[in-house]
Each structure stands twice: as structure tokens, then as C-alpha cells.
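Notes to accompany the following structure.
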Amino acid sequence: MLVVGALSAAGAFTGYTYIVTFLGEVGGFSPGTVSVLFVGFGVAYLAGVGVTGAFLDRFPQSALAAAVATQAAGMLGLYAFGAHQAAAVVCMMLMGGALGPVFMTTQNAMLHCAPGRTDIALAANSGAYNAGIAAGAALGAPSSPAGC
């Protein structure tokens, strides 16, 4: 679970490094529209957490698989169809709807794996996810010119 959460975060945050530029240059969205898309992304995030919460205790493995698959579909769809604005909006909402549930489902799994030491389990999950965020940001960061 920790590895899945870390890899998911790394992939997501590598892509997020480029998302504003991508939406503007490839999708043809104006800066104001990109801002509205991120509001929609946040609303989708909340909706994803709400929907996942309703199913998480009954289907913990499926919830994680669905969240990771939704995230991958959103990112791959944005890559493939990002030049089409309607498709880009749908893909952004898929990505938003999956971001929270990935962390939520791994956190839930950690609580079940270590019910007596939840503090350590939660810290391990948070650490792994944050390491994934850092790795994704590092992978997505533009490289410096030689000599800088």
C-alpha cells in the first residue's frame, strides 16, 4: 500500500508540474479558464472523497484500484485528448476525483494493518505519500542549464 500511494503521488505530481502550461498551450485555455478548471478540480476532489468514503469499508482493495485507475485514465486521457477542450475538462475532473481517494484508501489500509499502532501507521503513510510528492516534483522540475 505504501508503495502504491508513493508511486501514485509521484506520477500525479510529475504531471501537475506541467498542467497549467499544458492546459494553456495544448488545450488552448485562457489563464482565467485554467483557474476555473482548478476550482472544478477541487470540487471533483471533494466528490471523489465522498464517493470513496461510501464504499471504502466494504471494498477497500477495489477502492484503491479504482482510484489509481481513475487517476491514470485522467492523466493518459489528458495526454491523448488534451487538445480537445471538452475532453481536457473531463480528464481534469477525473484527475481531481482520484487524488484524494488514493491517499484516503492507503490511509485506511494502514489503519487496518496496524490497529495497535495507528500513530506509526499514519505517519508511515503520510511519509510515503509526501516522498511521492517530492519525487514527482523533482521528476517534473525543469532541469537547470549547465553551470547553474
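Couple of notes before you dig in:
- When each of Ala72, Ala86 is tested for being assigned to a helix (DSSP H, G or I), open to solvent by 10 Å² or more (accessible area, probe 1.4 Å) and within 19 Å of Thr17 (Cβ to Cβ), the lone residue that passes is Ala72.
Listed here are the residues, each with its yes/no results for (1) in a loop (DSSP other than H, G, I, E, B); (2) modelled with pLDDT under 95; (3) aromatic (Phe, Trp, Tyr).
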residue	(1), (2), (3)
Val39	no, no, no
Met92	no, no, no
Asp119	no, yes, no
Ser143	yes, yes, no
Ala146	yes, yes, no
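- The residue of region 1-23 that is farthest from the chain's Cα centre (by Cα), among those that are of a type in the set (Val, Ile, Thr) and surrounded by fewer than 20 Cβ atoms within 10 Å (Cβ to Cβ), is Thr21.
- Of all residue pairs spaced 6 or more apart or on separate chains, those with beta-carbon atoms under 6 Å, a first member in region 92-117 that is open to solvent by 30 Å² or more (accessible area, probe 1.4 Å) and among the aromatic types (Phe, Trp, Tyr) and a second member that is modelled with pLDDT of 90 or more and in a helix (DSSP H, G or I) are Phe103/Tyr129.
- Selection within region 52-65 - touching a residue at least 24 places away in the same chain (Cβ under 8 Å) and in a helix (DSSP H, G or I): Thr52, Gly53, Pro60, Ala63, Leu64
- If the condition is being in contact (Cβ under 8 Å) with a residue 24 or more places away in the chain and either of a type in the set (Val, Ile, Thr) or surrounded by fewer than 15 Cβ atoms within 10 Å (Cβ to Cβ) (or both), then region 24-37 contributes Val26, Gly28.
- Top-ranked residue in region 118-130 [being in contact with a Leu (Cβ under 9 Å, 6 or more places away or on another chain) and small (Gly, Ala, Ser); ranked as surrounded by the fewest Cβ atoms within 10 Å (Cβ to Cβ)]: Gly127
- Taken over region 38-69, the criterion of being aromatic (Phe, Trp, Tyr) and either under 18 Å from Ser8 (Cα atoms) or open to solvent by less than 50 Å² (accessible area, probe 1.4 Å) (or both) is satisfied by Phe41, Tyr45.
The values are calculated or read from the model by the stated rules, or taken from the named source; none is laboratory data. All of these numbers come straight from a predicted model, not from anything done at the bench. Glycine gets a Cβ as well: all are built from the backbone with ideal geometry, and neighbour counts include every protein chain shown. These accessible areas exclude ligands, DNA and RNA; they are computed on the full protein's heavy atoms, side chains included. Shrake-Rupley method; radii C 1.70, N 1.55, O 1.52, S 1.80 Å.
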